[in-house]
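Asker: Next up is a structure, given as structure tokens.
The values are calculated or read from the model by the stated rules, or taken from the named source; none is laboratory data. Computed from a prediction, not measured in an experiment: that's the story for all the values here. Heads up, the Cβs are rebuilt from the backbone with ideal geometry, glycines too, and the neighbour counts pull from every protein chain shown. Areas reflect the complete protein model, heavy atoms only, side chains present, ligands, DNA and RNA absent. Shrake-Rupley method; radii C 1.70, N 1.55, O 1.52, S 1.80 Å.
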Amino acid sequence: MPNKACVRAHTNIALIKYWGKRDETNFLPMNSSLSLTLDKLYTDTMVVFDEALPQDFFYLNGEQQGEKETQKISKFLDLFRAEKKTALRARVESINHVPTAAGLASSASAFAALAGAANLALGLDLDPQRLSTFARRGSGSATRSIYGGFVEWDMGTCSDDSFAVPVDDAGWDIGMVIVAVNQKAKEVSSRIGMKRTVETSPFYPAWVESAKKDILDIKAAIAAKDFIRLGEITEANGMKMHGTMLGAEPPFSYWEPDSIVAIKTAQALRKQGIPCYVTMDAGPNVKVLCRLSQAETIKAAFLEHFTEDKLIITKPGKGIRELTE
Ligand SMILES: O=C(O)C[C@@](O)(CF)CCOP(=O)(O)OP(=O)(O)O
């Protein structure tokens, strides 16, 4: 058993959202979702299992993490220890090339990278599909970061068949401009936000029905390489998700004034004949789906309202891969 491995996983942005669990213990979603893996935002994670370690240790961006965060990692590693029938403790070192907890889905790349590294370090040899069912139990969105390009997370019928499926490598002039409105940690985590929405929003059942149709329509648009339809479905699905939160008790929204400025900027670009579509997650940041060949033009329009450091252009990313020293 090699006992040590380092893996890179890229974050992903959902175009058809995961927003609500039918089973909280196993992270089973209410609907299937579909995302785009991003090249520029990723997490590198090293794991070493060592019998000399009395407990698990977790370092994030070079800083040792406290009890709460380390416990989360230990609980996740227990899934892999149980699979390997070992009690070995581990040292985990993660470097997030993603503004942490700023609605840029940092949990997606973090748990996918950790899953990949634990799989290799313990010599479990889980295939990508089965590995995605492990990543899912760290954070639902991590399910999708196992693969690159457009990825579907099939909701499945149970823990074993709720996994990621690669849909398309997105290598046909697809890109994204991320508008990092702010990088503060959000007040309402996605986990709490979706739970409150499921439990109290009268709009929620309609969301689930609508998302089930949206994912069929978006897969048809991807198959046809129809960027306009892809963008329209993406923007509408994200807006419907955010609409459910306004109906929750108490109502809540992740939007900030600059989120609206970004949305209006994208709408103005469309009026000028440059197709670009917005989607938002559990934070104020706005992700603009566009043709990669037009990303610089789109960024120039956003520079009228946002500073350069808040604008990130990225092409589609690849699936997880081992980093050799
Ligand atoms: O990514 C998407 O589909 C949409 C969201 O980003 C929010 F808009 C959900 C992310 O939820 P996540 O952090 O994965 O929740 P967990 O399973 O409770 O850890």
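Asker: Quick one: 3J(HN,Hα) in Hz for region 297-307, Karplus 6.51/-1.76/1.60 with θ = phi - 60°, rounded, Gly and Pro as x.
Answerer: Per-residue couplings from phi come out as 5, 5, 4, 4, 5, 6, 5, 6, 10, 10, 6 Hz.
Asker: Normalised by the number of residues in region 145-213, what is the relative contact order in percent for Cα pairs under 8 Å and 6+ residues apart?
Answerer: Relative contact order for region 145-213 comes out at 20 percent.
Asker: Taking all protein chains in place and a 1.4 Å probe, what share, in percent, of the accessible surface of region 233-276 do carbon and sulfur account for?
Answerer: Here carbon and sulfur together make up 62 percent of the probe-accessible area.
Asker: Please work out the average accessible area per residue across region 1-133, using the 1.4 Å probe convention, and give it in Å².
Answerer: Dividing the accessible area of region 1-133 by its residue count gives 39 Å².
Asker: Under 8 Å for C-alpha pairs, at least 6 residues apart: give me the relative contact order for the chain, rounded to a whole percent. Don't skip to the end; give the middle numbers.
Answerer: Values: 728 pairs, mean separation 80.9, N = 325.
That works out to 25 percent.
Asker: Taking amide H positions as placed 1.01 Å from N in the peptide plane, with prolines and chain starts having none, which residues 5 or more places from residue 89, or on another chain, fall under 5 Å of its amide H?
Answerer: 50, 53
Asker: Then there is this: At a probe size of 1.4 Å, how large is the accessible area of residue 228, to the nearest 10 Å²?
Answerer: Number for this one is 60 Å².
Asker: Under the rule that an exposed site lies in a DSSP loop and has at most 13 other Cβ atoms within 10 Å, name the longest stretch of the chain with no trypsin sites (Lys or Arg not before Pro) of that kind, not counting the sites themselves. Walk me through the numbers before you get to the answer.
Answerer: Values: sites that count: 85, 184, 225.
Longest site-free region, per DSSP loop and neighbour criteria: 226-325.
Asker: Quick one: Karplus J couplings for region 178-192, per residue in order, coefficients 6.51, -1.76, 1.60, θ = phi - 60°, nearest Hz, x for Gly and Pro?
Answerer: 9, 9, 7, 4, 7, 10, 5, 5, 7, 5, 9, 5, 4, 5, 6
Asker: Here's something else I'd like to know. Collect residues whose amide H, placed 1.01 Å from N in the peptide plane, falls under 5 Å from the amide H of residue 255; neighbours closer than 5 in sequence don't count.
Answerer: none
Asker: Under unit Cβ charges (Lys, Arg +1; Asp, Glu -1), what dipole magnitude, rounded to 20 debye, does region 144-234 have relative to its Cα centre? Spell out each step's value before the answer.
Answerer: Working: 11 positive and 14 negative charges, 92 e Å.
Taking the Cα centre of region 144-234 as origin, the dipole is about 440 debye.
Asker: I would also like to ask the following. Please name which of 119, 96, 167 has its Cα lying farthest along the dipole of region 4-171 towards the positive end, using unit charges on Cβ (Lys, Arg +1; Asp, Glu -1) and the Cα centre as origin.
Answerer: Looking along the dipole axis, the top candidate is 96.
Asker: Name the long-range amide H neighbours of residue 178: under 5 Å, sequence gap of 5 or more, or other chain; modelled H, no Pro or chain starts.
Answerer: 288, 312, 313, 314
Asker: On a C-alpha basis, how far is the centre of region 283-325 from the centre of region 211-239 in Å? Whole number, if you could?
Answerer: 20
Asker: Under a 1.4 Å probe, what is the accessible area of region 174-314 per residue, stated in Å²?
Answerer: For region 174-314, the per-residue accessible area is 45 Å².
Asker: With the full set of protein chains in place, find how many percent of the accessible area of region 4-171 is carbon and sulfur; take the probe as 1.4 Å.
Answerer: Summing carbon and sulfur atoms, their accessible area is 49 percent of the total for region 4-171.
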